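A.B. asks: Here's a structure for you.
The values are calculated or read from the model by the stated rules, or taken from the named source; none is laboratory data. Given the structure is predicted, the values throughout are model-derived calculations rather than measurements. With ligands, DNA and RNA removed, areas are computed over all heavy atoms of the protein, side chains included. Shrake-Rupley method; radii C 1.70, N 1.55, O 1.52, S 1.80 Å.
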Amino acid sequence: MFKRRTDWTRRGGGRVRLSFEDQPIEALEGDTVAAAVLSSNPGFTRTTPVSGARRAPYCMMGVCFECLMQIDGVANQQACMVQVREGMVVRRQLGESPDEPGANSAPRAGGDHGAD
């Protein structure tokens, strides 16, 4: 579980309200969507396209792509790279996005190879 450090403050850290899976959460200005959602203890924030395995943000610096979420109706957003804004609507990325190339197509040749 992620907890905010109480011995650290940020200038201009006003409160921002957003929703994750239709539940209100609060964050500080400057927080990333991934940090805000993790602080609400969601369990998981996406599922993988092939196996449906549950995932959550990992590296928090835009490298691993485990933080993909739907933000304000746009799928495949790296939540660790997006700062919170008042009124944002954030949802789990469940499997492959319908907007993603190859969605709803036949499985890739050669199988999964553990890519999930």
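A.B. asks: For Leu94, which sequence-distant residues (separation of 5 or more, or a different chain) have an amide H within less than 5 Å of its own amide H, given hydrogens modelled in the peptide plane?
C.D. replies: Answer set, sorted by chain and number: Thr47.
A.B. asks: Percent of alpha carbon pairs in the range 25-88 separated by more than 14 Å?
C.D. replies: Pairs farther apart than 14 Å: 54 percent.
A.B. asks: Which value, in Å² rounded to 10, gives the accessible area of Thr47 with a 1.4 Å probe and all protein chains present?
C.D. replies: 20
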